[in-house]
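First the structure, in the form of structure tokens, and then the observations on it.
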Amino acid sequence: MRTLITGGTLVGPLGAAPTDVLVDGETVAALLAPPAALGASARGAAGGGPAASGAGRPAVDADRVIDATGKYVIPGGVDVHTHMELPFGGTAASDTFATGSAAAAWGGTTTIVDFAVQRTGEVVEEGLAAWHAKAEGQCAIDYGFHMIMGGVDEAALKAMDSLVAHEGVTSFKLFMAYPGVFFSDDGQILRAMQRAADSGATIMMHAENGLAIDVLVAQALARGDTDPIHHGLTRPSALEGEATHRASVLAQVAGNPPLYFVHLSASEALGVVSAARAAGRNVFAETCPQYLYLSLEEHLGAPGFEGAKYVASPPLRTNTAPHADDLWRGLRTDDLAVVSTDHCPFCLKEQKELGRGDFSKIPNGIGTVEHRIDLIYQGVVTGKISLQRWVETCATTPARMFGLYPRKGVIAPGSDADIVVYDPNATTTISAATHHMNLDHSAWEGFEIAGKVDTVLSRGSVVVSGGQFSGRAGHGRYVPRGLSQYLR
Ligand SMILES: [Zn+2]
């Protein structure tokens, strides 16, 4: 099957230009100058040659033509931070790999990297096998895994090497938060970082000082402060900044493995990352749409139990300090390299409700996997980031950061034909009534989006077109990953 995507503007990290894309089977076969451009240059050329006949490009033989006139043609989104079916707080994230990956496709994301989990006392390889079992045959788009390390001991350290060498899992997430669940102490973190420095693996860090936070949480509950907003007030941004700094120092002592801060939310933390990067260190960070658009006061502090929808960690930050502005600046300067979602949806009914009367029992997470491309495109519309930077932060850089490039993250000959046709002239209104995530509310309810995902191809197959989903569970394959391509 050969597919020609014609008439669109191809956007990549190097720029935007009118380009046709020929897909053959599952991969990109060629990038072609559009017939009109060829014709024009031929007419302008003195003398001409066989190719400059004035008739434009030779006809391209294709079984299917997708008209992208007036639209952007971008590489499919790569969301490197999702938690499908994650067990948390006595329940599990409400999207399965089937529903969550389909919702991702609807939103123009064609690869997810989810987190397999080893809890304290469990065996790493068994955790990875359990996540493979959940995802296999279920995904509408391609997927990979990071490994959450909930217990760094000798066996886990050995497993890190084996996962890098044999399983295509090259990144390991550690938690400075959640004592008793995922928490690693500084000694465990140092040992894992040393191991990563040897193997080239990436350490992903949830940087919040969980021991201090637990004290503040207990004090708040003892005072009777039980509403959702206290989730945010007991996790101050200073404790994200502190943990970010501590992790950065530990990585330096450990020999500078690639260190990637997940869901960076606070100016203090960004300052640490900027300084480390200015010093030439292997330090990187992502942020998520919720920290760019939502706030502690307006959302987490919404009346009644409404704020429960916005409980995630790190929490939404105050709008009385310039956190969000700083994050947008970080995206421009590349101190924030990636936008991911930390997609971890919990329904209000029977899930978020577990924390009525005790904010500490509200399952942590916001569902965004369907909306990332749209939400970050709004930064282009408002002039905060360039068109290229949109593609870079949502597709190209995450692919390179986690060893998926150039198979993913770029439209180039030989790359997987994961392609989104994006219509900048259409509009979308986000609502739980129309989204495709398995979630009974939306943190983005009523958000007006300038732009719309028009057509989505996953490895050459059309999975979304004309408002219809034509993908299927099981089309998506596991993608083993190489090392980060940003190693110094
Ligand atoms: Zn997460």
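Every number in this text was worked out from the coordinates using simple rules, so none of it is lab data. Predicted, not measured: the structure shown is a model, and the values here were computed from it. Positions of Cβ are generated from backbone atoms using ideal geometry, with glycine treated the same way; all protein chains shown enter the neighbour counts.
Starting from 0.36 nm per residue, how many nanometres of slack lie between V60 and A278 once their C-alpha separation is accounted for?
Extra length available between V60 and A278 comes to 73.7 nm.
If I model a spin label as a point 7 Å beyond the Cα along the Cα-Cβ vector, how far apart are those points for E350 and S386 in nm?
5.0
Taking every DSSP beta bridge with both residues inside the chain, roughly what % is antiparallel (nearest 5)?
Just about 50 percent of them are antiparallel.
Under a 5 Å amide H to amide H cut-off, with H placed in plane at 1.01 Å, what residues pair with F88 once short-range neighbours are removed?
A93
Run the count for the chain, please: Lys pairs, Cα-Cα under 27 angstrom, 8 or more apart or on different chains.
25
Using only Cα atoms, what Kirkwood radius does the stretch 175-254 have, in angstroms?
It is 13.6 Å.
Under unit Cβ charges (Lys, Arg +1; Asp, Glu -1), what dipole magnitude, rounded to 20 debye, does the chain have relative to its Cα centre?
Its charge dipole is roughly 1040 debye.
Averaging sequence separations of C-alpha pairs under 8 Å and six or more residues apart, then dividing by the length of the chain, give the relative contact order as a whole percent.
21
Just subtract the alpha-carbon distance of A36 and L211 from 0.36 nm times their residue separation and send over the number in nm, one decimal.
Once the chain is fully extended between A36 and L211, it gains 56.7 nm.
Once the cut-off is 41 Å, how many percent of the Cα-Cα pairs in the chain end up in the long-distance tail?
17
With label points built 7 Å along Cα→Cβ from the Cα atoms of E448 and D67, find their separation and express it in nm.
Output for this residue pair reads 2.8 nm.
For a quick check: with amide H placed at 1.01 Å from N, whose amide H comes under 5 Å from F284's, ignoring anything fewer than 5 positions away on the same chain?
Long-range HN contacts for F284: L259, Y260, F261.
Quickly work out the A321-to-E298 label distance, labels modelled 7 Å from Cα along the C-beta direction, and quote it in nm with one decimal.
My value for the distance between the label points is 1.9 nm.
Return the FRET efficiency for the residue pair L483, A412: r is the Cβ-Cβ distance, R0 is 22 Å, and the value is rounded to the nearest 0.05.
Efficiency at R0 = 22 Å is approximately 0.60.
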